Structures are given as structure tokens and as C-alpha cells.
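Please treat every number below as a calculation from the coordinates, not as lab data. Just so it is clear, the model here is predicted, and its values are computed rather than measured. So basically every Cβ, Gly included, is an ideal-geometry build from the backbone, and we count neighbours across all protein chains shown.
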Amino acid sequence: MVESNDGSGQRDFASSAQAWLEESVPKRWRENRGSLSEDEGNEIRREWDRQLYRGGYSGLSLPKEFGGQGFGVAEEVIFAELAGRAQAPDGLARIGRILTAPTLVAHGTEQQLSKYLQKILSGDEIWCQGFSEPDAGSDLAGVKCRATKVDGGYLINGRKIWTSFARHADRCLLLAQTDADAPRYKNLTLFLLDMHQPGVDISPIRQSSGLSHFAEVQFTDVFVADEDVVAGEGDGWKVAMTVLTNERGGVEAASRYVEIRADMDLLRASLGEQPEYKLRLDSLEARVELIRWQVSKSLALEEDPTEYFRATSILKVFWSDLWKEIAELGLETADGTTVDHWRFQYLETRAASIYSGSNEIQRNIISERVLGMPR
């Protein structure tokens, strides 16, 4: 269990959350999710978002005045780990809860908070994240999707790619260029875009694993009102950094730890009696537990945004590279009982070092913003 230095309150929270998860995770999902159709799976995931809200586990770290539970990041991390161990569904509203909601609390207007937060937390509104572009790759500052000022708002034109949940989304957290002549990092603005309007064209992307988690989205003269600009025009980079800090932070790493831990346990069960793999397994084992250690360390720094950013910056690079190595070894040594699992994991983990910002870009961020190295 991931814990911070605070003791009894978090243990009580963990105990009640574990009991709730044991009772609430759908048996159909826990036992048969591999045989469910995509529509059946999505139906369960939508209902899970509503269950989280009814149970009081949506918006754990958001202030109570905004509809949250008033806990800290530590409780979010604890719940993410417990949910993973309980094999809980990954709700369709997770981008809204993990990325949009805390971003609006940090930078949004009272009108935006009133309009969106309750729908996000209840699972009634699904969000996607419009950051990556075909020609920009992981260079977030180089996005070319253009927002042109018109009466009462902006017209959005351009493309986004690798957009999770786009097919289901009601709204998009969209980063676009608003001033082609402004300096780099000063030319971007973040928008809250309605996906249910003419000019939004969604094309699912089929992955090598056979799934379609992502989509490419084309925007053609799509309107966004002035009231749906976050912070202000030209403030997009600052707001985007808040989004990415949440995306790459302790909550995501804790949930990934559970998945990686399960794969590591499977490797141990398969290869643990073979001495030629002992050193390799021991090295991988130590690195798996370092994820949990680093998440725990970061929780103690939650009140210091700079140090928290430093502590969590390495996590995404660390867990994604490690997961790929585990899947590679699993596939190399698979037998008839495990080959399907490892083939799927191998293909899925190829993307882990690319999504949420490629590891190459993240290493640049670590070198420049954490270590202070020259560009």
C-alpha cells in the first residue's frame, strides 16, 4: 500500500475504500471482461463512473466547495492502487476527473466550475484531451491547430491525434494556437470545446493489439465561445503544464504500478525456478518496487508544487520503459498458457513510452526543468 507520513486517517480511508471496492466492482467485469464486446465493456465503464460518484470516490482530492471530497493526492493514489488490485473498470470519465477538473480548479472561472465540475464528477459528461498533433509529435509547443478570433469566440481548424476517448467524448480539453506571430510558449490558448457540433470529424485508430483506444480528430470551423477559454488568450502553455503534471503524476503511476506488479508476479511464477533468469528477475523486481517508493516519496512533497513536480517527473519515463522490458521478457519466455497474454502486453506496451508525451520529450523536461541543464 502506498502511504504518506500521515497514518491513521489514510489507513481508515484505505480500509473503507477496499471494502467498498470488494462490494462494488461488477462481477461480470472482474470475471468476464475479456469476452465482453466493446459496447458491453463501455456500458460497464460508464456505469462505473456513476458508481464512483454515488460512493463518494469521485474527485477525492478536489476541495469540497467544488464538489470534491476534500482529501489530498495521497488518497487519490491509495484509491488508484486499491482499484487496480480489485480489478475495477477504467471509467470513461477518467480524463475529466484526473485532468479537466483539477485544471479548472486551478485556472477556471466560477462560471466554468459551475458549468462543468458536477457533470465531470458524476460521469454524466465524458472528456477527451486534444493535445498531440500529426505534425507536432510530442512537441506540445509546436501545435498548429489554429483558433481564429471571431465575434463571441473562436473558430478552431486543425487536427489532433492519439486522442483517447474521442469517440465517446462530450467535451475536449483542446490546446490551439491563437497568435502565429507571438513568441513560442506565448502563442497558445486552452479551450473547452463541445464535441457535439458540425465540423468535428472523428476517425478511430486501430492499434497493433487490435484495440482502438485512440482517434484522430479533424476540426473544421468549430466554434468555441469566449467563456470557454481557460485562464486567458496566450496562457495555454501555463495551463497545459498543469494538465501534464496531473497526467504524469502519482495517481497515474500508482495505477500503472498495480498493472506492472501483476505482470511481474506472472513472470516470477513462470521463471522463478530457472536460475538463468534470477539476476534479470531480481533487477526487474527492484525497479518495480522503486515505482511505489518514488510515489510514496512524492506524496510527502504534495504541498510544495516545485518539489512535487521534481519528484513525479521521472515516474512516467521510469514505469513505461520498465513495463516494456517486462513484456519483452514475458514474450521471449512464454509458453502455451501465457503466450496470448504476453503477445497482447508486448503490443500494448510499445505505446507506453509515446503517449502522455514521449519519453524523449519527458527526458528533455527532466534535464532542463528539474536538473537545470542548458538546452
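Below are the figures for this structure:
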item	result
Subset of the range 330-375 [of a type in the set (Asp, Glu) and farther than 28 Å from Glu276 by Cα]	Glu360, Glu368
Criterion (at positive phi and surrounded by fewer than 18 Cβ atoms within 10 Å (Cβ to Cβ)) met by exactly one of Gly9, Gly70	Gly70
So Ser353, is it in contact with an Asp or Glu (Cβ under 8 Å, 6 or more places away or on another chain), outside any helix (DSSP H, G or I) and either closer than 30 Å to Ala240 by Cα or without any contact (Cβ under 8 Å) to a residue 60 or more places away in the chain (or both)	yes
Residue in the range 236-255 that is touching a residue at least 24 places away in the same chain (Cβ under 8 Å) and touching a Gly at 6+ places or on another chain (Cβ under 6 Å) present	yes
Top-ranked residue of the range 101-129 - restricted to ones that are more than 16 Å from Glu65 (Cβ to Cβ) and either free of Cβ contacts under 8 Å to residues at least 40 places away in the same chain or out of contact with any strand residue (DSSP E or B) (no Cβ under 8 Å at 6 or more places or on another chain) (or both), ranked as surrounded by the fewest Cβ atoms within 10 Å (Cβ to Cβ)	Asp124
Residue count for the range 330-344, restricted to those that are surrounded by 13 or more Cβ atoms within 10 Å (Cβ to Cβ) and not aliphatic (A, V, I, L, M)	7
Residue within the range 303-320 that is acidic (Asp, Glu) and touching a residue at least 24 places away in the same chain (Cβ under 8 Å) present	no
Odd one out for Ala327, checked against (1) surrounded by fewer than 13 Cβ atoms within 10 Å (Cβ to Cβ); (2) in contact with a helix residue (DSSP H, G or I) (Cβ under 7 Å, 6 or more places away or on another chain); (3) among the small types (Gly, Ala, Ser)	(1)
